[in-house]
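Everything on this sheet refers to the single structure shown next.
The values are calculated or read from the model by the stated rules, or taken from the named source; none is laboratory data. Given the structure is predicted, the values throughout are model-derived calculations rather than measurements. Using ideal geometry, Cβ is built from the backbone for each residue, glycine included, and neighbour counts are taken over all protein chains shown. Ligands, DNA and RNA are stripped out before the accessible areas are found, and what is left, the full protein with its side chains, is counted by its heavy atoms. Shrake-Rupley method; radii C 1.70, N 1.55, O 1.52, S 1.80 Å.
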Protein chains: 2
Amino acid sequence: MKPPVRAAAVVGAGAIGVSWVELLTRHDIPVVVADPDPAAADRVRKSLGDQAGVTFVTDPARAVADADIVFEAGPERLDVKQELFARMDAAAPLDTLLTSSSSGFTPTNIQARCAHPERVLVAHPFNPPDLVPLVEVVGGTRTAGAAIERTVDILAALGKEPVRLHRELPGHVANRLQAALWREAYYLVQEGVVSVADLDRAIASGPGLRWALLGPIATQHLSGGEGGLRHVLEHLGPPMVAWWADLGEPTFDAALIDRLVSGVEDEVGGREEALRESRDHALRELLTLKARAGLQEDQ
Amino acid sequence: MKPPVRAAAVVGAGAIGVSWVELLTRHDIPVVVADPDPAAADRVRKSLGDQAGVTFVTDPARAVADADIVFEAGPERLDVKQELFARMDAAAPLDTLLTSSSSGFTPTNIQARCAHPERVLVAHPFNPPDLVPLVEVVGGTRTAGAAIERTVDILAALGKEPVRLHRELPGHVANRLQAALWREAYYLVQEGVVSVADLDRAIASGPGLRWALLGPIATQHLSGGEGGLRHVLEHLGPPMVAWWADLGEPTFDAALIDRLVSGVEDEVGGREEALRESRDHALRELLTLKARAGLQEDQ
């Protein structure tokens, strides 16, 4: 499917911004990259090679003037983003989509100083964004439904997996789910129930294997045999509610940080670079095998 | 590595029991299977084919008399398990390991009526147990450390990923981590933030992809670049604690069950059998690619 994008802009050429540039150029979409740092062009070329169709400017207003969609990936500071979106809003045509990669701010806050907030929204990618398909799409109180739908369509056409949120919440969806898991994980390590290495193995050799393929609710549905999810919830429900009541609240302090850091060093210390490479390679293969199994759109 | 097991017993020939039989016969270990149902032998043969070295009895005391290790996978009722372990404890040699696959009961409870509780412990596998490597190993207040270590060694030699818990907790470790994730997942669906299908995609095309490869804490460590986990925790810590405070408590009632069931039916309804097959096939390939990438022991 040809993405319905004639031209795009990326504002902020850090790691997230570069991954947007990579995605767009892979689909032969011309991109104007705006970054206040004049060395950004060299950084992007170093990371992606010389790309036809990539132009560099320092002024975000210039970058957005001719774009159908803008991916903002600047500093994670609300005042900076509000100022940036106000400037882009003033410079961009009315039908240009202005998206922010923000993980921490809501679109309602980000669009606060825009005269045309109806096309301002969050499109939050996930690390490493050049490999992980998920993009969370969420609008603010003044975002038009049509802008959300167009963004979802564009991202899907680019081979991403856009997930539409119907409400703004701190952490969107995926970071909340991660935070829920981390909370209990940290608690179990803080309490000395398992080592960090064993905690990681308990996920990566256990439920994590299934979550990579189908997600937590579909997985639970398949585990119920003929009766499916209803059977599971009616039987597992009461013990699960009891587990919920027993889940912990770690004390997030220096001692916990020390314990986690020393545990992860025991687990992977000194092998980080090699492990990141193996992980990223395995991640690419995992996406390929999912596509082959019909469990994921082809990238 | 040759597993240090001369002979084994499996007590209870349901799905979990059958998967223990499959694992043991794959390593050429003779197994006596005990099940009160005389049709159990046919059921196991139908599932695994005719296996040399598998004997069937109805009396658990007979099954354990000559075993180095016993895998109990009977009904999940505490009175039944306590009675069963008392009988097995009386019949088995003193150095026979008596393990329970229980997900819901603690080893201290399971060993309560045994005269020799020092070799009684939980070895909890994970669904589908013939594919998922994780086995949680945890002793009760009267279990000997040596029994836990021997069980871990045996399971590792059988190609499983044993994870040792230093304390008994409801749900062990992996089910608590799952419950933490499900709680927030159900909450987000109950609140109408995302559809069930989108919730599943948010995990399976997002963090789930990474959890399958490295586990949540190692993943977080790798995301921190040079500074590693310490950098991540010092910077992400405060917003994460804020997210924790905002995570939800779903009301687990009939309306929630209806909503989840109708959502999962929209997502995968009618495709369950095909999906389970694709998932299991993909799961095998995922384990192979992890082994090739050095991220998982070969099965």
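Here B:G159 fulfils each of the conditions (1) part of a loop (DSSP other than H, G, I, E, B); (2) at pLDDT 95 or above apart from (2).
Can you tell me which residues in segment A:269-299 are out of contact with any helix residue (DSSP H, G or I) (no Cβ under 7 Å at 6 or more places or on another chain) and within 7 Å of chain B (Cβ to nearest Cβ)? A:S278, A:H281 - these are the residues of segment A:269-299 that are out of contact with any helix residue (DSSP H, G or I) (no Cβ under 7 Å at 6 or more places or on another chain) and within 7 Å of chain B (Cβ to nearest Cβ). Can you find even one residue in segment A:10-27 that is open to solvent by 60 Å² or more (accessible area, probe 1.4 Å), within 23 Å of the chain's Cα centre (by Cα) and closer than 25 Å to A:A157 by Cα? Looking through segment A:10-27, at least one residue is open to solvent by 60 Å² or more (accessible area, probe 1.4 Å), within 23 Å of the chain's Cα centre (by Cα) and closer than 25 Å to A:A157 by Cα.
Cβ separations smaller than 7 Å between residues 6+ apart or across chains give the following pairs from segment A:36-51 residues that are surrounded by 13 or more Cβ atoms within 10 Å (Cβ to Cβ) to residues that are not β-branched (V, I, T): A:A40/A:A13; A:A40/A:F56; A:A41/A:F56; A:R43/A:A13; A:V44/A:A13; A:L48/A:E22.
If the condition is being in a strand (DSSP E or B) and among the charged types (D, E, K, R), then segment B:111-143 contributes only B:E136.
Checked against (1) in contact with a strand residue (DSSP E or B) (Cβ under 9 Å, 6 or more places away or on another chain); (2) more than 7 Å from every other protein chain (Cβ to nearest Cβ); (3) open to solvent by less than 10 Å² (accessible area, probe 1.4 Å), A:S205 passes all but condition (2). Total residues in segment A:183-194 satisfying the condition of being open to solvent by less than 10 Å² (accessible area, probe 1.4 Å), facing chain B (nearest Cβ under 7 Å) and either charged (D, E, K, R) or assigned to a helix (DSSP H, G or I) (or both): the figure is 3. Do we have any residue at all in segment A:40-62 that's under 22 Å from the mean Cα position of the chain (by Cα), at pLDDT 95 or above and over 23 Å from B:L236 (Cα atoms)? No, segment A:40-62 has no match at all. With respect to A:I217, determine if the residue is in contact with a strand residue (DSSP E or B) (Cβ under 9 Å, 6 or more places away or on another chain) and either more than 7 Å from chain B (Cβ to nearest Cβ) or under 30 Å from B:R259 (Cβ atoms) (or both). No; evaluated as a whole, the condition is false for this residue.
The rows are residues; the columns are (1) in the same structural domain as A:Q178 (by TED's automatic domain parsing); (2) on the phi < 0 side of the Ramachandran plot; (3) over 24 Å from the mean Cα position of the chain (by Cα).
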site	(1), (2), (3)
A:P216	yes, yes, no
A:H221	yes, yes, yes
A:G224	yes, yes, yes
A:G263	yes, yes, yes
A:S278	no, yes, no
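Hey, among B:A197, B:A146, which residue is outside any strand (DSSP E or B), over 18 Å from the mean Cα position of the chain (by Cα), surrounded by fewer than 22 Cβ atoms within 10 Å (Cβ to Cβ) and touching a residue at least 40 places away in the same chain (Cβ under 8 Å)? Of the residues listed, the single one that is outside any strand (DSSP E or B), over 18 Å from the mean Cα position of the chain (by Cα), surrounded by fewer than 22 Cβ atoms within 10 Å (Cβ to Cβ) and touching a residue at least 40 places away in the same chain (Cβ under 8 Å) is B:A197. A:E249 fulfils the conditions (1) more than 7 Å from chain B (Cβ to nearest Cβ); (2) within 22 Å of the chain's Cα centre (by Cα) except for a single criterion, (2). Being within 12 Å of the chain's Cα centre (by Cα) and either surrounded by fewer than 22 Cβ atoms within 10 Å (Cβ to Cβ) or facing another protein chain (nearest Cβ under 10 Å) (or both): is that true of A:E168 here? The answer is no for A:E168.
Quick check on segment B:118-133. Is at least one of its residues more than 21 Å from B:V18 (Cβ to Cβ) and not hydrophobic (A, V, I, L, M, F, W, C)? Yes, some residue in segment B:118-133 is more than 21 Å from B:V18 (Cβ to Cβ) and not hydrophobic (A, V, I, L, M, F, W, C). Among all residues of segment A:228-238, there is at least one that is among the hydrophobic types (A, V, I, L, M, F, W, C), more than 7 Å from chain B (Cβ to nearest Cβ), within 30 Å of A:P162 (Cα to Cα) and touching a Gly at 6+ places or on another chain (Cβ under 9 Å). Take the conditions (1) open to solvent by 40 Å² or more (accessible area, probe 1.4 Å); (2) modelled with pLDDT of 95 or more; (3) of a type in the set (D, E, K, R); B:D130 misses just one of them, which is (2).
Of all residues in segment A:264-299, exactly one satisfies the criterion of being open to solvent by 40 Å² or more (accessible area, probe 1.4 Å), of a type in the set (K, R) and closer than 21 Å to B:D280 by Cβ, namely A:R292.
For segment A:121-159, the set of residues classified as at the interface with chain B (Cβ under 10 Å from one of its Cβ atoms) and more than 13 Å from A:L98 (Cα to Cα) consists of A:P125, A:F126, A:N127, A:P128, A:L131, A:V132, A:P133, A:L134, A:V135, A:E136, listed by residue number. Tallying residues that are aliphatic (A, V, I, L, M), touching a residue at least 24 places away in the same chain (Cβ under 8 Å), under 28 Å from A:G206 (Cβ atoms) and open to solvent by 10 Å² or more (accessible area, probe 1.4 Å) within segment B:64-112 yields 4.
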